[in-house]
Amino acid sequence: MKNYDVIIVGGGSGGYYCAEKIKEFDPSKSVLIIEKDKIGGVCLNYGCIPTKSFISVAEIVENFKISEKFGIKSSYTLDFLKVFERKEKIVKILQSGLYKKLLNSGIDIIFSKAHLNSTSIVETENGEKFQFKNLVIATGSEDTQIPFAPFDGENILNSKESLSLKEIPSKIVIVGGGVIGCEFATYFSIFGSDVTIVEMFDTPLPSTGNNFIKENAKKILQKNGIKFLGSTKVISVDKMNKNLSLSTGESLDFDKLIVAVGRKPVVGVEVEILGVEKDQKGFIKTDRFKRTNVENIFATGDVTEGPMLAHKGYYDGYIAAKNICGLKSERMDYCFIPYSVFTIPPMSHSGKSEDDLKNEGTLYKILKANYAENGRAATYEARSGEMRVYLSKEDKILGVDIFGKDSDIIIHQLLPLIQNGIDYKKLKETVFVHPTLSEIVTELK
């Protein structure tokens, strides 16, 4: 039986990044990743990267629509099969590069399901056993199904199946107005589909708890020609006739029904047998060191509490790796983990929202800046957008909201201040290149 210092079950963001960091912090440690599907996990293969590949094409299409404003008369034809093939090529290149990088770092990889026999032994599907000193559970998450409308891979699709379509459906209904639903709706609508989102809450992105983001999401969806049916539930689905009934008494026809009602952690029964505790929602409980209640077992990524984001998985992996290597490190509050919703234009946030601050009774002041006042935004014909920064009485940044072109990039100049408690005045003293969208920070008032 081969022994490893660390075995990581799951080769997604929270798994492979943890492996990389362990080898960086202590090259002498032996590390094995056991992955049941493809290295890179959902994000690389069936999530972040494929969707952004499509969003990038949708952005080009949107630029064609306003090309005459730039003095360019143009027309275009969308060849979706080539769009699909490009997406596949990008994923394959990144996946291959990641696999080689891990191997070159001295990390062993086995493609198999993992069975946890004890708090020191893992067994693969072919019966091979491996012993470990520390275990990292990074088994990720999966799409949640509607009980009366299970995924069939043909008409009722999950996110992975939706990304495998090689033709643009004429009519799409998306159940769920969260991040996945909004991003899918964005590119399918721009590619020519008639898209309707059905959401049980009254606004898109309800789980953000952020009215600034939610209200702007509603406007962005409307601008992109997407119908949004809020405060509405799906009552039944007729798969044969491709029709669904709603709580409002209405019915909708569809060519494809995409179910995006959230994701749930993938936690095997064996985890419970080992005595690893879960919370009421099924997530593995961890402390601020990403350690479970079992001393030598850690957990990272979507299988644990916190936002289901790839970069949160990276961060979890980093914290777990430091502690496994004896470099004691506690995670920060997850509210400071930034996120972006890649609609067109995108929306981004980090820290506390204004709603959070009001609910907490925290004193704060708001600084605002509009894209309409930014010179570079004018040259892009991207005047629609706004940044809001929430400051404490000590001038610390409590939170930031942005919607507008490149908000996913602009937000990064604020993250070091938010995550490290640096005074806002340090940012105001910074000299920015002119003319750039990044200058919007200097226009806050």
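Tell me whether segment 354-373 contains one or more residues that are of a type in the set (Ser, Thr, Tyr), crowded, with 20+ Cβ neighbours inside 10 Å, at pLDDT 95 or above and part of a loop (DSSP other than H, G, I, E, B). No; the residues of segment 354-373 include none that is of a type in the set (Ser, Thr, Tyr), crowded, with 20+ Cβ neighbours inside 10 Å, at pLDDT 95 or above and part of a loop (DSSP other than H, G, I, E, B).
Condition check: out of contact with any Phe, Trp or Tyr (no Cβ under 6 Å at 6 or more places or on another chain) and closer than 30 Å to TYR16 by Cα. Does ILE156 satisfy that? Taking the combined requirement at face value, the residue does not satisfy it. Between LEU274, LEU257, LEU309, the distinction of being aliphatic (A, V, I, L, M) and under 18 Å from VAL173 (Cα atoms) belongs to LEU257 only. In the set ASN216, ASN211, only one residue is surrounded by fewer than 24 Cβ atoms within 10 Å (Cβ to Cβ) and at pLDDT 95 or above; that residue is ASN211. Just to be sure before I move on: is GLY361 more than 22 Å from the chain's Cα centre (by Cα) and assigned by TED's automatic domain parsing to the domain that holds TYR424 in the structure I sent? It is true that GLY361 is more than 22 Å from the chain's Cα centre (by Cα) and assigned by TED's automatic domain parsing to the domain that holds TYR424. When each of LEU205, LEU229, LEU252 is tested for being buried (at least 17 other Cβ atoms within 10 Å of the Cβ), modelled with pLDDT of 95 or more and within 16 Å of PRO346 (Cβ to Cβ), the lone residue that passes is LEU205. Within segment 295-305, identify whether any single residue is surrounded by fewer than 23 Cβ atoms within 10 Å (Cβ to Cβ) and of a type in the set (Ser, Thr, Tyr), and answer yes or no. Scanning segment 295-305 turns up no residue that is surrounded by fewer than 23 Cβ atoms within 10 Å (Cβ to Cβ) and of a type in the set (Ser, Thr, Tyr). Say whether the condition of being in contact with a Cys (Cβ under 6 Å, 6 or more places away or on another chain), buried (at least 20 other Cβ atoms within 10 Å of the Cβ) and either outside any strand (DSSP E or B) or small (Gly, Ala, Ser) (or both) is met by at least one residue in segment 320-332. Yes: segment 320-332 contains one or more residues that are in contact with a Cys (Cβ under 6 Å, 6 or more places away or on another chain), buried (at least 20 other Cβ atoms within 10 Å of the Cβ) and either outside any strand (DSSP E or B) or small (Gly, Ala, Ser) (or both). For the residues LYS223, LYS285, LYS256, LYS264, the requirement of being in contact with a strand residue (DSSP E or B) (Cβ under 8 Å, 6 or more places away or on another chain) and closer than 30 Å to LYS65 by Cβ singles out LYS256. Counting the residues of segment 154-174 that are surrounded by fewer than 24 Cβ atoms within 10 Å (Cβ to Cβ) and over 14 Å from TYR46 (Cα atoms) gives 9. Taking segment 1-23 on its own, how many of its residues are buried (at least 24 other Cβ atoms within 10 Å of the Cβ) and part of a strand (DSSP E or B)? Count: 4. Answer yes if at least one residue in segment 417-424 is out of contact with any helix residue (DSSP H, G or I) (no Cβ under 7 Å at 6 or more places or on another chain) and either within 19 Å of ASP356 (Cβ to Cβ) or not assigned by TED's automatic domain parsing to the domain that holds ILE366 (or both), and no otherwise. For segment 417-424, residues out of contact with any helix residue (DSSP H, G or I) (no Cβ under 7 Å at 6 or more places or on another chain) and either within 19 Å of ASP356 (Cβ to Cβ) or not assigned by TED's automatic domain parsing to the domain that holds ILE366 (or both): present. Of everything listed in (1) assigned to a helix (DSSP H, G or I); (2) modelled with pLDDT of 95 or more, the single unmet condition for MET308 is (1). Out of the residues in segment 109-153 that are farther than 23 Å from LYS21 by Cα and of a type in the set (Ser, Thr, Tyr), which is surrounded by the fewest Cβ atoms within 10 Å (Cβ to Cβ)? So the residue we want is SER118.
The values are calculated or read from the model by the stated rules, or taken from the named source; none is laboratory data. In this text the structure is predicted, and so the values were computed from the model without any measurement. For neighbour counting, all protein chains shown are included, and Cβ atoms are generated from backbone atoms with ideal geometry for every residue, glycine included.
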